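Peer 1: This is the structure I have questions about; it appears just below.
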Amino acid sequence: MNNCLIFTHLLLGPRRCAACQATAGEDGLCPGCRARLAAERLPATGRCPRCARALPTRTAPVACGSCQHDPPPFERVITAGSYASPLRELVWRLKFRQQLHAASVLGRLLADAVRAAGGPLPERLVPVPLHRRRLQRRGFNQSLEIARVSARRLGNLPVDNHCLVRQRATATQSRLARAARAGNLRGAFAVAAPLPAGCRVAAVDDVMTSGHTLRAFSDCLRRAGAGRVDAWVVARA
Ligand SMILES: [Zn+2]
Ligand SMILES: [Zn+2]
């Protein structure tokens with residue numbers, strides 16, 4: 001431990017896990033939370049290569065039935081893990097307790113997942129925007145905070161926070177019946193500033209549940225000029 005770390009340690013006490021408040025290491029997580037994240041990467045848990053839906057077994061690299069039936073406007077979803085402990089707690093602390101240091105941990109985990117997934121990096125990251133009323137209430141956009149951290153760790157990729165806007169305040173997706181979710185997002189996003197034609201972008205969001213938000217958002221990114229859209233989500237339900 002260098003002097004600066006000893007001083008911080010004496011002043012603030014041991015570092016606390018950003019998810020559960022147990023004593024944490026340099027990465028902001030405790031050994032238990034770190035182990036839960038690592039356990040998810042075991043070969044028993046397969047995911048659809050297109051939408052990252054959890055599949056019962058790690059099968060051949062083919063897309064799930066729903067992606068084959070109705071291909072999404074994004075190429076692939078990269079996720080740091082399931083919407084379960086500790087990612088669920090980290091997202092909750094960030095969004096509802098304004099604990100912005102959780103965004104550093106989440107952004108780092110997402111960047112690690114992107115590196116592990118391989119493939120070409122996008123030319124810019126576009127966080128899913130909040131409607132301005134929700135932004136005013138929360139004071140920050142969690143997806144932007146996460147995107148900034150990931151972008152820095154991946155070699156300072158540009159973050160574009162202005163090309164699309166959320167023009168309609170939509171009901172919280174999780175409160176709607178499945179069938180109502182797609183309709184709820186129709187016309188939710190609009191192009192504010194076109195993208196360079198054909199550019200590769202990554203749409204960044206905190207949680208992906210039904211995928212309707214990311215479909216609507218990716219559709220709009222394509223209308224804005226994107227040639228390829230990847231979706232990067234911290235947690236996949
Ligand atoms: Zn923990
Ligand atoms: Zn799929």
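Since every read-out is calculated from the coordinates, none of them should be taken as a lab result. Keep in mind the model is a prediction, meaning the values are calculated, not measured. No Cβ is skipped: glycine too gets one built from the backbone with ideal geometry, and neighbour counts run over all protein chains shown.
Peer 1: With r defined as the distance between the Cβ atoms of ARG137 and ALA192 and R0 fixed at 25 Å, what FRET efficiency is calculated, to the nearest 0.05? Walk me through the numbers on the way to the answer.
Peer 2: Details: r = 21 Å, r/R0 = 0.85.
Between ARG137 and ALA192 the formula returns 0.75.
Peer 1: Checking the a/c ratio against 1.5 first, then a/b against b/c, what shape does the Cα gyration tensor give for region 65-236? The partial results should precede the final answer.
Peer 2: On the way: a/c = 1.22, a/b = 1.04, b/c = 1.18.
It comes out rounded by the Cα gyration axes.
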